[in-house]
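Chemist: Can you read through this structure? Questions will come right after.
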Amino acid sequence: MRALITGGAGFIGSHLSEALLDAGHEVFVLDDLSTGSITNIEHLKTRRSFHYTIDTVKNEPVLAELIDRADVVFHLAATVGVRKIVEEPVQTIENNVHGTEVVLQHANKKKKLVVLASTSEVYGKNDAVPFREDADLVMGATLKHRWAYACSKALDEFLALAYWKEKKLPVIIIRLFNTVGPRQTGQYGMVIPSFVRQALANRPITVFGDGRQSRSFTYVGDVVRAILALVEHPGAVGGVFNIGNGQEISILDLARKVKTLTRSTSEIVTIPYEKAYEAGFEDMQRRVPDITKIRELVGYEPQVGLDEILAQVIDYFQRH
Ligand code: UDP
C-alpha cells in the first residue's frame, strides 16, 4: 500500500508512519510542522520507502499530487491541544474545516480511501458514559472557544459521511480518546506529558479544576494497530469508530500516580480553570469509550495499560 499521512510528523502520525513502514508499505508524509516536528520522523528518514514533504494541506497542487500517488490517505493534520485551540480559534477552525474539505475533494477524484482522524471531544458535554458512536453530541455555547474544536471535527465527520453517501468516496472515521505515549509534547497543554515533565523537574504538578474530572488514556501503539485493522477491513468503510481504552482515572489520581512513579518531590497544586485557560472555560467531567463496535468488527482490544504508558513516557522524557 502507498499511504499518504497528513500530519505524519506529528505525535500519532509519526507512530503510524513507523508501523506502516514496518508492515512493508510505502509512506508519504505531508506536514507543515505547526505542531509536528522533524525530530519525530528523524529516525525514518533513512528508510527507502519513506518520503516527506514539508508543506500544508492547504497547498492544493502539492496535496493533489501526493493524493494521486497514494492508495490510502490518513488525514491526521489538524490544530490540536486545548490550550492552542483556546488561544488560536481562527486557525483551529480554518485548518480543521478547510483542510478536511480539500483532502476530501482531491481524494474524491480517484475515489481514494480516506481515514479521517476525529476525536472523542465531539461527544462534548454528554455525560452518559461510556459513549457509543451513535450517541448525541452535546456542545457548549459558541462564546466558549473550546467547543470550536469539537464542532470543527463534527463538521469534518459530516462532510466525510456526505462524500460517502452522495459520491461513494470510501471513508473511515476514527474518534480517538486521549491518545498518549512517547513523542507527545506537553507544549499544547496535554496532561500526561505536562505532569511527567513537571514531576521530573520537581516543579509543581498543575491539576486544573478540582481534579475529579476523569479521562481514559489510550496508548498510541494500540491506536495505530486499530487504525491498520480498520483499513484492512472492507466492512469499516462508511463507519465511525471509537478507538480508546476503557480504563478511567481522575486527573488528581493521575497526578499522584505520576508523582509516585517518578519519585518526585513535586507538590500537587490545583489551578482554577479560568486561570489555566480562560474565564468561563468548560471541561468534560468524564470521557469513556464504548469500543464494542470496533471490537466486533476487527477484534480490537487495547493492550497497554496506564502504568506501562506512564513508564514509557517517563523514560522518553528522561532521555530527551
Ligand atoms: N489538565 C490538568 N493539568 C494540565 C493539563 C490538563 O489538570 O496541566 C486536565 C484538563 O483540564 C483535563 C484533563 O487534564 O481535564 C485532560 O486534558 P488534556 O488537555 O490532556 O485533554 P482533553 O481531554 O481535555 O482534551
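Chemist: Of Val86, Leu66, Met1, which is farthest on the positive side of the dipole of the chain, counting Cα position, with +1 on Lys and Arg Cβ, -1 on Asp and Glu Cβ, and the Cα centre as origin?
Modeler: Final value for the positive-end residue is Met1.
Chemist: Carbon and sulfur: what percent of region 1-122's accessible surface (1.4 Å probe)?
Modeler: 50 percent
Chemist: Just to confirm the number: angle between the C-alpha axis of helix 220-231 and the first principal axis of the chain, 0 to 90 degrees, nearest 10?
Modeler: The angle comes out near 30 degrees.
Chemist: Report the relative contact order of the chain, percent, no decimals, based on alpha-carbon pairs under 8 angstrom and at least 6 residues apart.
Modeler: 17 percent
Chemist: Mean separation of Cα pairs under 8 Å and 6+ residues apart, divided by the residue count of region 1-144: what relative contact order is that in percent?
Modeler: Relative contact order, region 1-144: 22 percent.
Chemist: Another one. Using θ = phi - 60° and the Karplus form 6.51 cos²θ - 1.76 cosθ + 1.60, what ³J(HN,Hα) does each residue of region 39-52 get, whole Hz, x for Gly and Pro?
Modeler: 4, 5, 10, 3, 6, 9, 4, 7, 7, 4, 8, 10, 9, 9
Chemist: Compute the long axis of helix 191-200 from its Cα atoms, compare it with the longest principal axis of the Cα atoms of the chain, and write down the angle in degrees, 0 to 90, nearest 10.
Modeler: The answer is roughly 50 degrees.
Chemist: Have a look at Arg175, Arg83, Arg287 and tell me which one the Gaussian network model of the chain (Cα, springs below 10 Å) gives the largest fluctuation.
Modeler: Result: Arg83 has the largest fluctuation of those listed.
Chemist: I need the phi-derived Karplus couplings for region 210-219: 6.51 cos²θ - 1.76 cosθ + 1.60, θ = phi - 60°, integer Hz, Gly and Pro marked x.
Modeler: Values per residue, Gly and Pro as x: 8, x, 7, 5, 10, 9, 10, 9, 10, 5 Hz.
Chemist: Right, here's the next one. Quickly work out the Asp136-to-Arg263 label distance, labels modelled 7 Å from Cα along the C-beta direction, and quote it in nm with one decimal.
Modeler: The modelled label-to-label distance comes out at 5.1 nm.
Chemist: Cα centroid distance between region 124-171 and region 247-286, in Å?
Modeler: That distance is 26 Å.
Chemist: Just the number please: accessible area per residue for region 1-154, 1.4 Å probe, all protein chains included, in Å².
Modeler: With all protein chains present, region 1-154 gives 41 Å² per residue.
Chemist: Just want to confirm a number: the relative contact order over region 78-208, from Cα pairs under 8 angstrom separated by 6+ residues, in percent. Don't skip to the answer; put the middle values down first.
Modeler: Details: 158 pairs, mean separation 40.5, N = 131.
The value is 31 percent.
Chemist: Continuing with this model, one more query. For the Cα atoms of the chain, what angle does the longest principal axis make with the long axis of helix 251-262, in degrees from 0 to 90, nearest 10?
Modeler: Long axis of 251-262 versus the principal axis of the chain: about 80 degrees.
Chemist: Moving to a separate point now. Using a basic spin-label model with each label point 7 Å from the Cα along Cα→Cβ, how many nm lie between Asp210 and Glu101?
Modeler: Taking the two extended label points, one gets 4.3 nm.
Chemist: Give the lysines whose C-alpha is closer than 19 Å to that of Lys84, dropping any in the same chain fewer than 8 places away, or say none.
Modeler: Candidates past the 8-residue exclusion: Lys144, Lys153, Lys275.
Chemist: Follow-up. Could you state the accessible area per residue of region 253-316 in Å², with a 1.4 Å probe and every protein chain left in place?
Modeler: 54 Å²
Chemist: From Cα coordinates alone, what are the radius of gyration and Dmax values for the chain in angstrom?
Modeler: 18.8, 58
Chemist: Still on this structure, please answer the following. Once you order the gyration tensor axes a ≥ b ≥ c over the Cα atoms, which shape class does region 35-91 get: rounded for a/c under 1.5, otherwise prolate or oblate by comparing a/b with b/c?
Modeler: Taking the square roots of the gyration eigenvalues as a ≥ b ≥ c, region 35-91 is oblate.
Chemist: In Å and on Cα atoms, what radius of gyration and Dmax does region 118-274 show?
Modeler: Gyration radius and largest Cα-Cα distance of region 118-274: 17.8, 58 Å.
The values are calculated or read from the model by the stated rules, or taken from the named source; none is laboratory data. No experiment lies behind these values; they were computed from the predicted model shown. As a convention, Cβ positions derive from the backbone with ideal geometry for all residues, glycine included, and neighbour counts pool all protein chains shown. The accessibility values were calculated without ligands, DNA or RNA, using every heavy atom of the protein model including side chains. Shrake-Rupley method; radii C 1.70, N 1.55, O 1.52, S 1.80 Å.
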